[in-house]
Structures are given as structure tokens and as C-alpha cells.
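Below is one structure; the comments refer to it alone.
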Amino acid sequence: MKLKLVPARQGMLWVRQGLGVFFRRPVAFCLLLFLYMLVGPVLAFAIAPLVSLGFMIATRQVLEGRFPLPGVFIDPLRAGSARRWAQLKLGFGYAVGIALVLWLGDAIGGHAFDALREAMAAGKSTPQDMEPLLSDPDLQLAWLLVLAGIGLLAVPFWHAPALVHWAGHGAGKAMFFSTVACWRNKGALTVYMLGWGAVTVLFALLSSLVLGLLGAAQLAFVAMMPAMLMLSAAFYASLYFTFADSFEPVAVPDPQETP
């Protein structure tokens, strides 16, 4: 499969494309995300690569004028035994990687996390109570390592499920080419992530401003919950564009083209 290089500005185009395709079928994408949120945390990590691929398939279906159904999460497992086992290997590998990252974070800042949870459970959530807990060096280092670990782990798994599904690669080969593609297009991916961060912050500021002008500032937090769901669904909807622009179209049968 031939890698395509894209300019950094392509990252903002991926954000716009994700928002555009989401608003073509907002109910469908929100339903898919809601179904994913229903699974337990352990299973959520194991099926995360499969879920990202499911959203890619859903985006492709919307672009073709179809309405995506929850079956998009199952279709990759029907694409033949080789692809199915490769997808399962990706899920297992990702779950193990996340477990190791979380274990490392807990090993470094476990006591700080416990103190923070106990303070919140006891109702000690004022700035005066939280400041010394949040400024604990062990807590800050643990958060930094967890965020960095999850970020690094995302690189080999970013395109890997799609490479297995649409290009027929094995799990290891797919992770390798995903890593290469992310590195070669790191400028676009950086702009892409910053763009989604900017969209989230801008929406939060605008909603707070509007609710404040209407005298309902206390509803800002309540309003942000469904808004974050929609933005998360739109983010997942945009994943397909990061893959489609990073690789040349593959000349293999598309295993998801079943009704």
C-alpha cells in the first residue's frame, strides 16, 4: 500500500469533513457512540480499535448516501478468518497496552489519586482543599505519563484496524504502516488534534456566554454533557478522512460492502 503525504493544513480539513459528515447523520453517529459507551471499561479498551473502524465504515456509508446501523461494529469480524483474527489481536494488544500505561500511572501516583478521590467523596472540593492535592508532584507526573502513554499507544493503532480491513494486512504489518503513516503526516495529525481541541473550547465558551446572557449560567454544565457527546461522535466520524488521505486506494475487495 502506498503512503500519501499531506500538508499540515489538511488536519483542519479533516475536522471540517468530520463535522460535515456528522451533521448529515447526527442521530446515527450519536447512537453508535452511545452503544459503545454502554460496555464496561475493560471491554471498552479491548474493542476500541474495532469501534474506530466501525465509525470509519459508518462514515463511508454516509458518504455513499446510506444510513449506518450498529452492524458496522460487527462487519469487520465477518470479513474472513484472517482479518477477524488480526482485528482480535489488535484489540488484545491495545487492551494490554492501556493496562500497562494505567498500571504505571497508578504505581507512581496511586496514593495521590486515592487522596484526591477521598477528598471529593468527602465533599472537600473547594479550591482551597483541591489546590494542594492537585499540585502533588506525583499526581502531575502520573497524569503526564498516562497521557503520554495513551498518545504514543494511539500511533500504531490509529490506522491499523482500517489497514487490516481494507488492505488485508496482518496485525503487526498494519501497526507498522500505521506508525509510519502517522510519523510522515505528523504535521497534519497535530493540526487535526489541535483543531478538535479548539472546536471543543470554542463551543464551551460560546455556550457559556449565551447561557450567561440568558440568565441561565447554571445550566452550562448540563448543556455541555450532550454537546460533548455530539462532538465526540463527530470526532469519531472524522477518523475515516485521516485514513483515506494517508493511503492510496487499495485494489482489494471491500469486505464491508454487504447490505
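So how far apart, in nm, are the two label points at Lys2 and Val210 if each is 7 Å from Cα heading toward Cβ?
Distance between the two pseudo-spin positions: 4.5 nm.
Would you work out the relative contact order for segment 49-89, in percent, from Cα pairs under 8 angstrom that are 6 or more residues apart?
37
At a Förster radius of 22 Å, what calculated FRET efficiency corresponds to the Cβ-Cβ distance of Ile150 and Lys186, to the nearest 0.05?
Between Ile150 and Lys186 the formula returns 0.85.
Test of understanding: what is the full-extension gain from Met37 to Arg24, defined as 0.36 nm times their sequence separation minus their Cα-Cα distance?
Separation in residues times 0.36 nm, less the Cα-Cα distance, equals 2.5 nm.
Sorted by average packing, counted as other Cβ atoms within 10 angstrom per residue and highest first, what order do 193-201, 228-236 take?
Top of the packing list down: 228-236, 193-201.
Find how many whole Å separate the alpha carbon centroid of segment 37-65 from the alpha carbon centroid of segment 138-184.
Each part reduced to its Cα centre gives a spacing of 16 Å.
What ranking do Met1, Met56, Met37 get, fewest neighbouring Cβ atoms within 10 angstrom at the top?
Listing Met1, Met56, Met37 from fewest to most nearby Cβ atoms yields Met37, Met1, Met56.
In what sequence do Thr179, Thr242 fall when counting other Cβ within 10 Å, fewest first?
Result, fewest neighbours first: Thr179, Thr242.
If you stretched the chain out fully between Arg78 and Val201, how much longer would it get, using 0.36 nm times the residue separation minus the C-alpha to C-alpha distance?
Length gained between Arg78 and Val201: 40.3 nm.
We did not get these values from a lab; they are worked out from the coordinates using the rules stated. Bear in mind that the values here come from a model prediction, so they are computed numbers and not experimental data. Note that each Cβ is placed from the backbone with ideal geometry, even for glycine, and that neighbours are counted across all protein chains shown.
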